[in-house]
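These notes are about the structure you will find just below.
The values are calculated or read from the model by the stated rules, or taken from the named source; none is laboratory data. Please read these numbers as outputs of a predicted model, since none were measured by experiment. Cβ sites come from the backbone with ideal geometry, for glycine too, and all protein chains shown count toward neighbours. Quick note on the areas: whole protein, heavy atoms, side chains included, nothing else; ligands and nucleic acids left out. Shrake-Rupley method; radii C 1.70, N 1.55, O 1.52, S 1.80 Å.
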Amino acid sequence: EVQLVESGGDLVQTGGSLRLSCSISGPTFRDYAIAWFRQAPGKQREPISCITSLSKTYYAEGVKGRFTTSIDDAKTQVYLQMNDLKPEDTATYYCAARVNKGIRILWGMLAEYDYWGQGTQVTVSS
């Protein structure tokens, strides 16, 4: 069973930067898609980014150019570097994983992912 644990959430000022980490443990895997989602109070969980075993990255339009996702060579840490943070980025951020189910994915769909972390809180003050 793949396990995911997010960390790095904090309170930051508008315009600041933060790096979130998703620690991955469990069985080794071949193909993968690891995504970041976020959920603000009263809102639905929304996709932010995805990185896949084909070395592809995907981003929501609202974060493109500000956020960057990456994965280490051991496939044990996935990162979300967030720059130029805005109050609307305030949310609980979750990492999610799909492994060994092929390379085709609708990356922004919640139902695509089988494993989820518990979330880490990011608060951006105005």
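Per-structure values
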{"item": "Qualifying position, being out of contact with any strand residue (DSSP E or B) (no Cβ under 6 Å at 6 or more places or on another chain) and of a type in the set (V, I, T), among T90, T28, T57", "result": "T28"}
{"item": "Residues being more than 15 Å from the chain's Cα centre (by Cα) and either under 13 Å from I48 (Cα atoms) or of a type outside the set (G, A, S) (or both) - total across region 110-126", "result": "2"}
{"item": "Every residue from region 29-42 that is open to solvent by 70 Å² or more (accessible area, probe 1.4 Å) and touching a residue at least 12 places away in the same chain (Cβ under 8 Å)", "result": "R30"}
{"item": "In region 9-28, the residues that are surrounded by 14 or more Cβ atoms within 10 Å (Cβ to Cβ), under 25 Å from M109 (Cβ atoms) and not polar (S, T, N, Q)", "result": "G9, L20, C22, I24"}
{"item": "Qualifying residues in region 63-81 (those that are of a type outside the set (A, V, I, L, M, F, W, C) and without any contact (Cβ under 8 Å) to a residue 24 or more places away in the chain) - the one surrounded by the fewest Cβ atoms within 10 Å (Cβ to Cβ)", "result": "D73"}
{"item": "Hits in region 58-81 (condition: within 18 Å of V122 (Cβ to Cβ), hydrophobic (A, V, I, L, M, F, W, C) and either assigned to a loop (DSSP other than H, G, I, E, B) or touching a Gly at 6+ places or on another chain (Cβ under 7 Å) (or both))", "result": "A60, V63"}
{"item": "Subset tally (residues that are touching a Phe, Trp or Tyr at 6+ places or on another chain (Cβ under 9 Å) and in a loop (DSSP other than H, G, I, E, B)) for region 4-53", "result": "5"}
{"item": "Residues (loosely packed, with under 14 Cβ neighbours inside 10 Å and either assigned to a helix (DSSP H, G or I) or under 12 Å from the mean Cα position of the chain (by Cα) (or both)) located in region 82-109", "result": "P87, E88"}
